[in-house]
1. I'm trying to understand the selection: among the residues of the stretch 71-89, which are aliphatic (A, V, I, L, M) and open to solvent by 20 Å² or more (accessible area, probe 1.4 Å)?
2. Please determine, by comparing only the residues of the stretch 238-255 that are open to solvent by 10 Å² or more (accessible area, probe 1.4 Å) and of a type in the set (A, V, I, L, M, F, W, C), which one is farthest from the chain's Cα centre (by Cα).
3. Quick one: in the stretch 91-132, which of the residues that are farther than 29 Å from residue 272 by Cβ, assigned to a helix (DSSP H, G or I) and touching a residue at least 12 places away in the same chain (Cβ under 8 Å) is most open to solvent (accessible area, probe 1.4 Å)?
4. Just one of (1) surrounded by fewer than 16 Cβ atoms within 10 Å (Cβ to Cβ); (2) over 30 Å from residue 373 (Cα atoms) trips up residue 158, so point out which.
5. If only one of 36, 48, 44, 60 is without any contact (Cβ under 8 Å) to a residue 24 or more places away in the chain and open to solvent by less than 70 Å² (accessible area, probe 1.4 Å), which one is it?
6. Could you look through the stretch 19-30, keep only residues that are open to solvent by 70 Å² or more (accessible area, probe 1.4 Å) and assigned to a helix (DSSP H, G or I), and pick out the one that is farthest from residue 50 (Cα to Cα)?
7. What is the one condition in (1) assigned to a loop (DSSP other than H, G, I, E, B); (2) under 13 Å from residue 50 (Cβ atoms) that residue 150 does not satisfy?
8. Pairs needed: first member in the stretch 304-317, of a type in the set (A, V, I, L, M); second member anywhere, part of a loop (DSSP other than H, G, I, E, B); C-beta distance under 7 Å; at least 6 residues apart or different chains.
Amino acid sequence: WRMLLRCVRLSLLGAPAAAAAPLALLPGGSVALEAAWWAYLHWAIETAGPTMVKLAQWLAARPDLLSPRARARLRRLQDGVRPHDFAHTAALLERRFGPRWRERVRLDEGSEVLGSGSIAQVYRGRDDSGAEVAVKVLHPNVREAVAADLGLLRAAAAAAEWLVPDARYMALADTAEEFGALLAAQLDLRVEARNLRELARNFAGSGSADVVVFPQPREGLVAEDVLVETYIEGEPLLSAVGSAEAPELSRRGCRVVLEMLFYHNFVHADLHPGNLLRTPDGRIGVLDAGICIRLDEEQHANMMVIIASWLRLDGRSAALAMVDQSRKHEPRAVGDFVESMVAQMDRGREQSWVEHAGEYAAEVCALACKHHVRLEPTFLTSALAMKLVEGTAVELDPSVSILDIGLPMALSQKMFSFSKMPWANQAAGVF
């Protein structure tokens, strides 16, 4: 009954926006009506809860799915969700750090709210030494809201696979589980603290150590629903759009996320613009590391082959790697799948890859269903992480080339990855 009520509630919230959309978004229509429609949509998404806000945040970073105007409207949800009352924050701080918490964290009702997102909000405060810190606190009742949405998502994925049997090759149920696990990780800020430490360690000795910075947890001030971390001064990364430094920031951002994927095998999977800053010294500040992905060794090796092939628009190699991932699921018509992927990549040579990325992704899913090549949920999640940062990079510099940045990095790992694949000896000719 709870799931049914949740479904009804979401339908009631979405129905007015859906009904009014054709009129409100009509080209040359009323500006006031459009503004009212967006105001209602923002309210409805926030009221629907954290899962819907998270999906809207990701959509706002996808230039291949939404127009610049729509993305700009949705971007407010990346850090401008209605904040909760300070009374909730004070109660949590007292529960976790004791009645004398103000001696350790200087925070009060007048403290600046740096941002309020889908899961938590962040204040600007000071620690007992006087140093500036960011204090992150989960929203009230957020766990219950997420649990209800994930139950609904799992049910919808299972129903889709039952109604359309070929849909199981898109791994909808497994992807729903993967998304649920990632979102659940955001509900425990101790996980985010561990992620931030690992990200900082990974980049400490890398070539990008001087271009990226991560906030670090303060010892003794980390709990399941409260996280105190170092404060990073900066402006939203997209505030650099149109400036002389925008192209370099775009390339740096791409390089950072590709290093995470190719070299570290530990990827920040929530890199929408609300989580990216440009600091006064020119570095990129990366925030909110609650969602991170790590692949097992074979998955990571296969991913390197697939991505290197995609970056080179080599459909044959990408298809063979995807088929290998799907061996235990008995793919059929492998030759047809490979040839279809080759044809898709050939079109990519003639079109803008970024502008048509959504179309290509949809076609890959359709081909996977048709030929029973099962897509791994970890691959889909990692691909989404790449698309989020690519969207931001393109807004900073429309001419940025993920190919030029990523291909040398992918190829530097390719032989290491390729040698681990079960079909390496048989398929060596394709490389």
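The values are calculated or read from the model by the stated rules, or taken from the named source; none is laboratory data. None of these values were measured; they are calculated from a predicted model. Quick reminder, even Gly has a Cβ in these numbers, built from the backbone with ideal geometry, and neighbours come from all protein chains shown. Just the protein is used for accessible areas: all its heavy atoms, side chains included, with ligands, DNA and RNA removed. Shrake-Rupley method; radii C 1.70, N 1.55, O 1.52, S 1.80 Å.
1. 72, 87
2. Among them, the one singled out is 244.
3. 103
4. For residue 158, the failing item is (2).
5. The unique qualifying residue is 36.
6. The qualifying residue farthest from residue 50 (Cα to Cα) is 23.
7. (1)
8. Final answer for the pair search is 305/421.
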